[in-house]
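Have a look at the structure below, then the notes.
Throughout, read-outs are computed from the coordinates displayed, never taken from laboratory work. Keep in mind that what you see is a predicted model, and the values were worked out from it rather than measured. Every residue, glycine as well, gets a Cβ built from its backbone with ideal geometry; the counts of neighbours run over all protein chains shown.
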Number of protein chains: 2
Amino acid sequence: MPWLRNFLQLSASYARQSPPPPHKSAAAIFGRASPAPSLTQLLRHFSAGSQVTYPGLAPTKGDEKPRVVVLGTGWAGCRFIKDIDTKQYDIVCVSPRNHMVFTPLLASTCVGTLEFRSVAEPIGRIQPAISREPGSYFFLANCTGVDFQNHQIHCQTVTEGVKTIDPWKFQISYDKLVIASGAQASTFGIKGAKEHATFLREVSDAQEIRRKLLLNLMLSDVPGVTDEEKRRLLHCVVVGGGPTGVEFSGELSDFIRKDVHQRYAHVKDYIHVTLVEAHEILSSFDDRLRKYAIKQLTKSGVRLVRGIVKDVQPDKINLSDGTDIPYGVLVWSTGVGPSSFVNALEIPKAPGGRIGIDEWLRTPTVQDVYAIGDCSGFLESTGKPVLPALAQVAERQGKYLAKLLNHLSKAGGGRANAAKDLDFGEPFVYKHLGSMATIGRYKALVDLRQSKEGKGVSMAGFMSWFIWRSAYLSRVISWRNRFYVAINWLTTFIFGRDISRI
Amino acid sequence: MPWLRNFLQLSASYARQSPPPPHKSAAAIFGRASPAPSLTQLLRHFSAGSQVTYPGLAPTKGDEKPRVVVLGTGWAGCRFIKDIDTKQYDIVCVSPRNHMVFTPLLASTCVGTLEFRSVAEPIGRIQPAISREPGSYFFLANCTGVDFQNHQIHCQTVTEGVKTIDPWKFQISYDKLVIASGAQASTFGIKGAKEHATFLREVSDAQEIRRKLLLNLMLSDVPGVTDEEKRRLLHCVVVGGGPTGVEFSGELSDFIRKDVHQRYAHVKDYIHVTLVEAHEILSSFDDRLRKYAIKQLTKSGVRLVRGIVKDVQPDKINLSDGTDIPYGVLVWSTGVGPSSFVNALEIPKAPGGRIGIDEWLRTPTVQDVYAIGDCSGFLESTGKPVLPALAQVAERQGKYLAKLLNHLSKAGGGRANAAKDLDFGEPFVYKHLGSMATIGRYKALVDLRQSKEGKGVSMAGFMSWFIWRSAYLSRVISWRNRFYVAINWLTTFIFGRDISRI
């Protein structure tokens, strides 16, 4: 009975850590709106400034596998979880979402080219051991802090949307900690951007954009809307001309030309897309490709505006040159910056505020802590540049680290503080495989050069679009989603996009 | 330019109806948070108790097609819209949702057997003319009242979820009005039911149930949850033993046996389903089938409780015999009653508060008004019983009424007040085709008797389940959704249900 074994282990660790009797303390934590002080309050009161303890997973013992705790379910974390050897380690994943988002295809879901579920991969499908092995878990929670000295993290459950249960805290001891918690959308402190714009990072963002777009399409058809208001409601403004912003603009113009013209014939002349970028769109791409993209986007009706956003209001954005741009839907994708969780960690940082790592992706000042993906960057002391916040960097790091930890465990370094003197082998080296972006109208850009100055193949057009589709289809993790993405593309091609607002 | 023609028509009707100049008045209505009094206020102020006018669609003129206004996008309204002859009529549909829900398959979406979009059919796919014809529209709005004397309805837009636009009012003149606005879930005045239970009527309800179920599955795995709380979180209680309640219980037990046991191995022993019914489950079915259903449900682990709910609290329900049933997810399906919109209409009602209709589905006291589906019932004077609130009744009425109105138009009775003296032909006669319900484990009930006392075939088991699937698959309206339902069933069979919580 793996479950029974596991439950006994949990209970045991719990009894060890919590001073009051287990039954009472747990009841105190979970009693909703209880008038008596909760365990948390009691402990805080009596602990005299020292460390507060909560229920959780105790340090692993000799007869258990060492425990790897992974924070986050993005590209880096999921690749790591997929590749880690579950015979060597128990995995505990802590994340506020139970799935990975296949971000390169997220823009396609906003207009219904793809379905939301086709780009979301549940963590249990990526690594089945997490839901089957008695010592492996997925916890729907946020990590609130790390006690590096005691090899322990503090967490709080995510309960958004459900009123009948209060969030609660718990702690997990780790043998190895992998921080892959990602970055957060950056607004460069522009007033109103957070409140009024939608970022394109989670499935829920795409759902919000789709609902808003369909609502505005329908509202603008109702009697009594002025022409001016109609134009505002149906004006989609995208801020940021990186691949995400360009792909979203391309998808949107496809949607307008193919679906809106047929299914919203009454308002088709009122819908427009504007892409605002302070510098150059697709700045990381080859010049020739950039020019091609500009030409194609303009041809599809996307208006390109060079400008710096000064201020965002509920129904318009103000540019620094004094122009006002009214909008009905505003999508923001100007890049990412460190999250508040990363900011609060007291370890050396890389340029840009990311968690500083060495060539083996370790945080050098503390034992057994690794950081991968958008939350991490090479320390200045390594002499290497901070890598861009790209899926392929994150995934490559996850893959490398899983291999490294598998190797350490086999060499006897799986437990906490046991890998100090081991040989870590080859350091992590990043080799850029190139960039791709679709621009709508069955066209895409493929840039296979290793750097902006490097030499190599770069191409644009239908063939690139075909490569883009095939490449992403083959990268989708599960066969189920691969099948669904293909089916979605097929049905969109035959029947058009789905426009029910659910 | 159909659009231009249509726009001119709108503007013209607008200028005719509204005293202030069109531009200013529209601006006054739409100016968000404008300190000046809105047009509505102004009109109300100056109209001295008489009728207030808003922008909208004016009465049709000689060179236009007559206008049928349909309220609602359920089974009745959508079948009507599908079958009405768009060469004879312009159609205007007013509904707070832009799609029809294929309700018999909604229960399957709660646990991921089917996807949400596979059971939602956008109105533009049911009747393409509504988005293409210059005089046909879909308006995302609620009807707030009907002025039967002036052949006009009053509407207010639905803007839920969007802060940048206030709802506004408009009015539509009709030649024919078809009320198909449905019923609303009935809670029999039980305290707390509306606040804490989820009804299973809209796609959003199914989404809420799925999110809550997956959240509770994950939360109950986090360290620090007592056994008691775990059992509560994972206790799904269904109130109401009609086909919806039974099908949902069956789907849920399938989900538990096939997916939870594999993917949530840590908590699988804590999840349970209880079905609460005051009388008998599936009371409209053959006794033999009912007994079969009870046996199968019990075998699948569904606990059947006979009891009357007295009171609903955030985490438990109280039965009238004093029993408390703690729950994590509560689904309510005890039948339907008249909506507040129907209650407010000042026309004769049928028993049970529905809109009273004669054998031709007309409301006899007013001209050109028809009512179909769950919102209507035969007047006592017809000597016929009120038909049950079933999809097949609603659909049959929609089909009959479309034929009737097509016939009237051809006979010269398409305009307002023009059908008074025409021959309406055969009255509507309902012939029950039988009932079906699935009970999980690849088993279903098929009862082909025409009434509870009648004779005919009734069967249960795998063959019935196959008939159930085939019948519904063939009833799904569009080829796109038919394709998706088949694909969903196939992938659920191969890969299991999708458990990402998005």
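General remarks:
- Beyond 25 Å in Cα-Cα separation lie the following of the pairs A:K61/A:K420; A:K191/A:K212; A:K194/A:K310; A:K191/A:K349; B:K169/B:K420: A:K191/A:K349; B:K169/B:K420.
- Using a 7 Å Cα-to-Cβ projection, B:D147 label spacings across copies, nm, ascending: 7.2
- Panel values: segment A:311-352, Kirkwood radius from alpha carbon pairs, Stokes-Einstein at 37 °C and 0.692 mPa s, translational diffusion coefficient 244 µm²/s.
- Mean separation of Cα pairs under 8 Å and 6 or more residues apart, divided by the residue count, gives chain B a relative contact order of 17 percent.
- Angle between chain B longest axis and helix B:287-299 axis [Cα atoms, degrees, rounded to 10]: 60
- In order along segment A:257-269, the Karplus-derived 3J(HN,Hα) couplings, from 6.51 cos²θ - 1.76 cosθ + 1.60 at θ = phi - 60°, round to 5, 9, 9, 4, 4, 8, 9, 10, 4, 5, 10, 4, 7 Hz, and Gly and Pro are given as x.
- As a calculated quantity, the FRET efficiency between B:V366 and B:S320 at R0 = 51 Å, using C-beta atoms, amounts to about 0.75.
- Amide H contacts of A:K316: A:Y327, each under 5 Å away and 5 or more positions distant or on a separate chain (H built 1.01 Å from N in the peptide plane; Pro and chain starts excluded).
- Segment B:443-495 - Kirkwood radius from inverse mean 1/r over Cα pairs (Å): 12.6
- Its Cα centre serving as origin, segment B:367-495 has a Cβ charge dipole (Lys and Arg +1, Asp and Glu -1) of approximately 540 debye.
- Cut-off 11 Å between beta-carbons: net charge of the residues surrounding B:I130, Lys and Arg +1, Asp and Glu -1: +1
- Debye log10 I(q)/I(0) for segment B:231-288, one point scatterer per Cα, at q = 0.17, 0.22, 0.30 Å⁻¹: -0.60, -0.84, -1.18
- Nonlocal amide H pairs with B:C93, under 5 Å, H built at 1.01 Å: B:V70, B:Y137, B:F138, B:F139
- Legend: translational diffusion of segment B:56-208 by Stokes-Einstein, Rh = Kirkwood radius over C-alpha pairs, 4 °C, 1.567 mPa s; D = 77 µm²/s.
- Diffusion coefficient, µm² s⁻¹, Stokes-Einstein with Kirkwood Rh over alpha-carbon pairs of segment A:275-315 at 4 °C and 1.567 mPa s: 113
- At q = 0.22 Å⁻¹, base-10 log of I(q)/I(0) for segment A:253-394 (Debye sum, equal scatterers on each alpha carbon): -1.26
- Charged neighbours of B:V305, selected by a Cβ distance under 11 Å, balance to 0 (K, R count +1; D, E count -1).
- Average partner coverage of B:128-139, which counts Cβ from other chains inside 10 Å: 4
- Rounded to whole numbers, the Karplus 3J(HN,Hα) couplings from phi for segment B:61-74 are 10, x, 8, 9, 6, x, 10, 9, 9, 10, 9, x, 10, x Hz, using 6.51 cos²θ - 1.76 cosθ + 1.60 with θ = phi - 60°, and x at Gly and Pro.
- Computed from the alpha carbon atoms alone, the convex hull of chain A holds 178 Å³ per residue.
- Amide H contacts of B:Y174 (H built 1.01 Å from N, under 5 Å, at least 5 apart or other chain): B:Q152, B:I153
- For segment A:92-152, convex hull volume per residue from C-alpha positions, Å³: 104
- Cut-off 12 Å between beta-carbons: net charge of the residues surrounding A:E395, Lys and Arg +1, Asp and Glu -1: +3
- Dipole magnitude of chain A, debye to nearest 20 (Cβ charges: Lys/Arg +1, Asp/Glu -1, about Cα centre): 860
- Ascending list, in nanometres, of distances separating the B:V366 label from those of the other copies (7 Å, Cα toward Cβ): 6.9
- Inter-chain Cβ neighbour count for A:228-241, averaged per residue, equals 1 (cutoff 10 Å, partner chain atoms only).
- Here segment A:289-349 is assigned +1 on the Cβ of each Lys and Arg and -1 on the Cβ of each Asp and Glu. Its dipole about the Cα centre then comes out at about 540 debye.
- Computed Rg/Rh of the protein assembly as shown, alpha carbon atoms with Kirkwood Rh: 0.99
- Ranked packing of B:493-500, A:456-463, B:391-398, most packed first, by mean Cβ within 10 Å: B:391-398, B:493-500, A:456-463
- The same position B:D423 in the other copies lies at 10.2 nm from this copy, comparing label points 7 Å beyond Cα toward the beta-carbon, shortest first.
- Inter-chain Cβ neighbour count for A:265-271, averaged per residue, equals 5 (cutoff 10 Å, partner chain atoms only).
- Scalar couplings 3J(HN,Hα) for segment A:104-116, obtained by applying the Karplus form with A = 6.51, B = -1.76, C = 1.60 to θ = phi - 60°, are x, 9, 5, 4, 5, 7, 5, 10, x, 4, 10, 8, 4 Hz; x denotes Gly and Pro.
- Cα long-axis angle, helix B:391-410 against chain B (0 to 90 degrees, to the nearest 10): 20
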